[in-house]
1. Could you please give the count of residues in the stretch 109-128 that are open to solvent by 10 Å² or more (accessible area, probe 1.4 Å) and under 14 Å from the mean Cα position of the chain (by Cα)?
2. Which residue is farthest from the ligand (Cβ to nearest atom), if the candidates are limited to the stretch 12-43 and must be of a type in the set (S, T, N, Q) and in a loop (DSSP other than H, G, I, E, B)?
3. I'd like the full set of residues that are open to solvent by less than 60 Å² (accessible area, probe 1.4 Å) and under 19 Å from the mean Cα position of the chain (by Cα), limited to the stretch 46-60.
4. Limited to the stretch 129-144, what total is found for residues that are touching a Pro at 6+ places or on another chain (Cβ under 6 Å) and open to solvent by 80 Å² or more (accessible area, probe 1.4 Å)?
5. Test Tyr81 against the criterion of being open to solvent by 20 Å² or more (accessible area, probe 1.4 Å), aromatic (Phe, Trp, Tyr) and either touching a Ser or Thr at 6+ places or on another chain (Cβ under 8 Å) or more than 26 Å from Asp19 (Cα to Cα) (or both), and give yes or no.
6. Regarding Leu104, is this residue touching a Gly at 6+ places or on another chain (Cβ under 7 Å) and within 20 Å of Asp142 (Cα to Cα)?
7. Show the residue pairs that are 6+ apart or on different chains and have beta-carbon atoms under 7 Å apart, the first residue being within the stretch 112-138 and within 29 Å of Glu7 (Cβ to Cβ), the second being open to solvent by 10 Å² or more (accessible area, probe 1.4 Å) and among the acidic types (Asp, Glu).
Amino acid sequence: MSAPTAEQTGWNKPFPGLDADTKRFWDACKRHELSVQRCRDCGAYEWPPAHCGSCGSANMEWAEVSGEGTVFSFVVFHKLYHPGFADEIPYNVAIIELAEGPLLQSNIVDCPNDEIHVGMPVSVVYEDISDEFTLHRFRRSDTT
Ligand SMILES: [Zn+2]
(Lines give C-alpha, C1' and ligand atoms only; values in the text may rest on other atoms or scores of the structure.)
Protein backbone atom coordinates (compact mmCIF):
# COMPACT_ATOMS: atom_id res chain seq x y z
CA MET A 1 0.00 0.00 0.00
CA SER A 2 1.41 3.38 -0.91
CA ALA A 3 0.56 6.57 0.87
CA PRO A 4 -2.23 8.57 -0.76
CA THR A 5 -1.48 12.11 -1.86
CA ALA A 6 -2.68 15.39 -0.44
CA GLU A 7 -4.64 15.92 -3.65
CA GLN A 8 -6.52 12.66 -3.00
CA THR A 9 -7.25 13.20 0.66
CA GLY A 10 -6.85 16.84 1.66
CA TRP A 11 -4.30 15.64 4.25
CA ASN A 12 -1.18 17.75 3.71
CA LYS A 13 1.05 16.22 6.39
CA PRO A 14 3.25 13.13 6.09
CA PHE A 15 1.45 9.79 6.24
CA PRO A 16 2.66 7.15 8.70
CA GLY A 17 5.25 4.71 7.47
CA LEU A 18 3.72 1.35 6.71
CA ASP A 19 5.53 -1.96 6.60
CA ALA A 20 4.81 -5.61 7.28
CA ASP A 21 5.61 -5.18 10.99
CA THR A 22 3.32 -2.23 11.58
CA LYS A 23 0.43 -2.98 9.19
CA ARG A 24 -1.55 -4.74 11.95
CA PHE A 25 -1.21 -1.65 14.17
CA TRP A 26 -2.58 0.68 11.47
CA ASP A 27 -5.30 -1.79 10.51
CA ALA A 28 -6.44 -1.78 14.14
CA CYS A 29 -6.42 2.02 14.25
CA LYS A 30 -8.67 2.00 11.20
CA ARG A 31 -11.16 -0.04 13.29
CA HIS A 32 -10.64 2.49 16.14
CA GLU A 33 -8.78 -0.09 18.19
CA LEU A 34 -5.31 0.16 19.65
CA SER A 35 -3.26 -2.99 19.22
CA VAL A 36 0.34 -3.85 20.06
CA GLN A 37 2.27 -7.09 20.31
CA ARG A 38 2.07 -9.29 23.40
CA CYS A 39 4.43 -12.07 24.38
CA ARG A 40 2.74 -15.49 24.36
CA ASP A 41 5.31 -16.76 26.88
CA CYS A 42 5.36 -14.10 29.61
CA GLY A 43 2.44 -11.80 28.69
CA ALA A 44 4.50 -8.60 28.37
CA TYR A 45 3.24 -6.03 25.86
CA GLU A 46 5.72 -4.70 23.32
CA TRP A 47 5.89 -1.73 20.97
CA PRO A 48 7.29 -1.36 18.37
CA PRO A 49 6.95 -4.95 17.13
CA ALA A 50 10.02 -6.90 18.20
CA HIS A 51 11.12 -9.80 20.31
CA CYS A 52 9.85 -9.68 23.87
CA GLY A 53 11.83 -7.12 25.87
CA SER A 54 11.07 -8.95 29.12
CA CYS A 55 11.99 -12.57 28.36
CA GLY A 56 13.54 -12.49 24.88
CA SER A 57 10.90 -14.73 23.32
CA ALA A 58 10.02 -14.38 19.64
CA ASN A 59 6.62 -15.94 20.33
CA MET A 60 4.56 -12.76 19.90
CA GLU A 61 0.90 -12.14 19.09
CA TRP A 62 -1.17 -9.01 18.46
CA ALA A 63 -3.44 -7.94 21.30
CA GLU A 64 -5.82 -5.06 21.78
CA VAL A 65 -4.92 -2.70 24.63
CA SER A 66 -7.09 -0.38 26.71
CA GLY A 67 -6.09 2.91 25.10
CA GLU A 68 -5.48 4.32 28.59
CA GLY A 69 -2.12 5.72 29.57
CA THR A 70 -0.15 8.63 30.94
CA VAL A 71 2.15 11.23 29.41
CA PHE A 72 5.69 9.85 29.73
CA SER A 73 7.37 12.79 27.97
CA PHE A 74 6.50 15.48 25.46
CA VAL A 75 7.90 18.37 23.44
CA VAL A 76 6.23 21.42 21.92
CA PHE A 77 7.43 22.33 18.42
CA HIS A 78 7.70 26.08 17.82
CA LYS A 79 9.72 25.80 14.62
CA LEU A 80 8.05 24.71 11.40
CA TYR A 81 9.67 21.62 9.86
CA HIS A 82 6.88 20.65 7.44
CA PRO A 83 4.47 23.06 5.71
CA GLY A 84 1.52 20.83 6.61
CA PHE A 85 1.85 21.90 10.26
CA ALA A 86 1.91 25.66 9.56
CA ASP A 87 -1.55 26.23 11.04
CA GLU A 88 -0.75 24.22 14.19
CA ILE A 89 2.49 25.81 15.39
CA PRO A 90 3.15 25.43 18.28
CA TYR A 91 2.10 21.76 18.40
CA ASN A 92 2.99 18.95 20.74
CA VAL A 93 4.48 15.51 20.20
CA ALA A 94 4.10 13.22 23.19
CA ILE A 95 5.33 9.83 24.32
CA ILE A 96 2.46 8.00 25.97
CA GLU A 97 3.10 5.19 28.44
CA LEU A 98 0.24 2.79 27.87
CA ALA A 99 -1.37 1.19 30.92
CA GLU A 100 -0.04 -2.10 29.57
CA GLY A 101 3.55 -0.77 29.55
CA PRO A 102 4.69 0.10 26.02
CA LEU A 103 5.64 3.66 25.01
CA LEU A 104 3.82 5.08 22.00
CA GLN A 105 4.48 8.33 20.13
CA SER A 106 1.43 10.49 19.49
CA ASN A 107 -0.08 13.93 20.08
CA ILE A 108 -2.26 15.34 22.86
CA VAL A 109 -5.43 16.92 21.46
CA ASP A 110 -8.03 19.24 23.00
CA CYS A 111 -5.58 20.39 25.67
CA PRO A 112 -3.54 23.61 25.72
CA ASN A 113 0.16 22.84 25.38
CA ASP A 114 0.95 24.64 28.63
CA GLU A 115 -1.35 22.29 30.56
CA ILE A 116 0.33 19.10 29.35
CA HIS A 117 2.50 17.51 32.02
CA VAL A 118 4.35 14.29 32.63
CA GLY A 119 2.09 11.82 34.39
CA MET A 120 -1.12 13.35 32.99
CA PRO A 121 -3.70 10.58 32.39
CA VAL A 122 -4.86 10.26 28.79
CA SER A 123 -7.17 8.11 26.66
CA VAL A 124 -6.86 7.29 22.99
CA VAL A 125 -9.05 8.98 20.38
CA TYR A 126 -8.94 8.42 16.63
CA GLU A 127 -8.70 10.71 13.64
CA ASP A 128 -9.58 9.26 10.23
CA ILE A 129 -7.23 11.05 7.85
CA SER A 130 -7.94 9.05 4.69
CA ASP A 131 -9.73 5.90 3.61
CA GLU A 132 -6.59 3.95 4.48
CA PHE A 133 -5.20 5.65 7.55
CA THR A 134 -6.51 6.52 10.97
CA LEU A 135 -4.20 8.20 13.47
CA HIS A 136 -4.21 7.56 17.19
CA ARG A 137 -4.22 10.68 19.34
CA PHE A 138 -4.65 11.09 23.06
CA ARG A 139 -7.00 13.27 25.06
CA ARG A 140 -6.63 14.25 28.70
CA SER A 141 -8.77 11.90 30.79
CA ASP A 142 -8.67 13.51 34.25
CA THR A 143 -11.14 16.26 33.35
CA THR A 144 -14.63 16.10 31.95
ZN1 LIG B 1 8.10 -12.44 27.13
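1. 7
2. Filtering first and then ranking leaves Asn12.
3. Once the filter is applied, which keeps residues that are open to solvent by less than 60 Å² (accessible area, probe 1.4 Å) and under 19 Å from the mean Cα position of the chain (by Cα), the stretch 46-60 yields Glu46, Trp47, Pro49, Ala50.
4. Count: 0.
5. So Tyr81 fails the test.
6. Spelling it out, it is not the case that Leu104 is touching a Gly at 6+ places or on another chain (Cβ under 7 Å) and within 20 Å of Asp142 (Cα to Cα).
7. Once the first residue is within 29 Å of Glu7 (Cβ to Cβ) and sits in the stretch 112-138, its partners that are open to solvent by 10 Å² or more (accessible area, probe 1.4 Å) and among the acidic types (Asp, Glu) give Thr134/Glu127; Thr134/Asp128; Leu135/Glu127; Arg137/Glu127.
The values are calculated or read from the model by the stated rules, or taken from the named source; none is laboratory data. Quantities reported herein were computed from a predicted structural model and do not represent experimental measurements. Note that we place each Cβ from the backbone using ideal geometry, even for glycine, and neighbour counts take in every protein chain shown. We work out accessible area using only protein heavy atoms, side chains counted, and drop any ligands, DNA or RNA first. Shrake-Rupley method; radii C 1.70, N 1.55, O 1.52, S 1.80 Å.
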